[in-house]
Amino acid sequence: SAVISQKPSRDICQRGTSLTIQCQVDSQVTMMFWYRQQPGQSLTLIATANQGSEATYESGFVIDKFPISRPNLTFSTLTVSNMSPEDSSIYLCSVMTGGALDTQYFGPGTRLTVL
Amino acid sequence: KQEVTQIPAALSVPEGENLVLNCSFTDSAIYNLQWFRQDPGKGLTSLLLIQSSQREQTSGRLNASLDKSSGRSTLYIAASQPGDSATYLCAVRPGTASKLTFGTGTRLQVTL
């Protein structure tokens with residue numbers, strides 16, 4: 001298994017500003033992901049964070065809006081840039097530890113409110 | 001494109017009842033299926049993972065079954081408790097190291 005922590009747990013931000021969310025895992029993992037969950041919705045994958053290279057973004061998400069870093073196998077950051085109220089969501093970090101089971105684990109999430 | 005649907009969207013049961021949550025998916029070519037629990041405003045907790053070659057998995061009061069050919073999975077919760085109140089999500093993975101597709105979720109409330 002994997003234990004994932006995220007900072008901050010929640011934040012209230014003003015329109016036009018940026019917020020960086022940190023994800024720390026207690027062990028080295030093969031794959032890290034960032035998801036968004038808008039109010040009342042299921043999860044949508046934003047991107048796969050690749051260690052040492054640019055993240056792989058899903059359709060509808062771009063690097064300028066959601067820059068991602070992954071400097072090593074246990075840490076990643078997601079920045080939500082130039083925020084608008086539509087960015088108000090829970091942002092979740094997720095990892096796969098590899099191996100035959102391919103179980104995916106999720107962090108506690110960051111609840112973002114943009115005014 | 002894989003689509004995952006969960007029925008019902010919401011469910012309220014009295015404590016002690018056994019219940020079944022349903023998950024259906026349109027493309028039967030899956031690698032595995034995972035059930036998660038999400039408490040309000042929180043992250044996801046992995047409950048059970050079923051590989052495509054398996055028919056069911058059990059953990060405590062939870063039992064998940066998989067019928068890949070018909071594109072269905074069920075999560076059975078025995079002797080429900082108020083602490084089981086949460087949203088339950090199923091997610092399918094089409095291949096190893098590929099991304100999950102999530103269902104719409106079932107919001108469960110267990111009343112005293």
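Laboratory data are not the source of any read-out in this text; all were calculated from the coordinates shown. Because the structure is a prediction, the values reported are computed rather than measured. Here Cβ is always computed from backbone atoms with ideal geometry, including for glycine, and neighbour counts include all displayed protein chains.
Given the structure, is A:S76 of a type in the set (S, T, Y), buried (at least 17 other Cβ atoms within 10 Å of the Cβ) and under 26 Å from B:C90 (Cβ atoms)?
Yes: the conditions hold for A:S76.
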Residue ranges of strands (runs of 3 or more DSSP E) in the stretch B:1-91 with at least 1 members closer than 26 Å to A:S1 by Cβ: B:4-7, B:19-25, B:32-38, B:44-51, B:56-59, B:62-67, B:72-77
Qualifying residue in the stretch A:67-80 (condition: away from chain B (no Cβ under 14 Å), in a loop (DSSP other than H, G, I, E, B), in contact (Cβ under 8 Å) with a residue 24 or more places away in the chain and out of contact with any strand residue (DSSP E or B) (no Cβ under 9 Å at 6 or more places or on another chain)): no
Every residue from the stretch A:30-49 that is assigned to a loop (DSSP other than H, G, I, E, B) and more than 12 Å from chain B (Cβ to nearest Cβ): A:Q38
Among residues of the stretch B:88-98, those that are at the interface with chain A (Cβ under 9 Å from one of its Cβ atoms) and buried (at least 18 other Cβ atoms within 10 Å of the Cβ), counted: 3
Matching residues, the stretch B:57-86, being surrounded by 13 or more Cβ atoms within 10 Å (Cβ to Cβ) and either among the acidic types (D, E) or touching a Ser or Thr at 6+ places or on another chain (Cβ under 7 Å) (or both): B:A64, B:S65, B:L66, B:D67, B:K68, B:G71, B:R72, B:S73, B:T74, B:D84
Some residue of the stretch B:44-63 being touching a Gly at 6+ places or on another chain (Cβ under 7 Å) and either touching a residue at least 24 places away in the same chain (Cβ under 8 Å) or not acidic (D, E) (or both): no
Selected residue [of a type outside the set (V, I, T) and crowded, with 21+ Cβ neighbours inside 10 Å] from A:L43, A:L115, A:L19: A:L43
Residues located in the stretch A:1-29, provided they are assigned to a loop (DSSP other than H, G, I, E, B) and either within 13 Å of another protein chain (Cβ to nearest Cβ) or free of Cβ contacts under 8 Å to residues at least 40 places away in the same chain (or both): A:S1, A:A2, A:V3, A:S9, A:V29
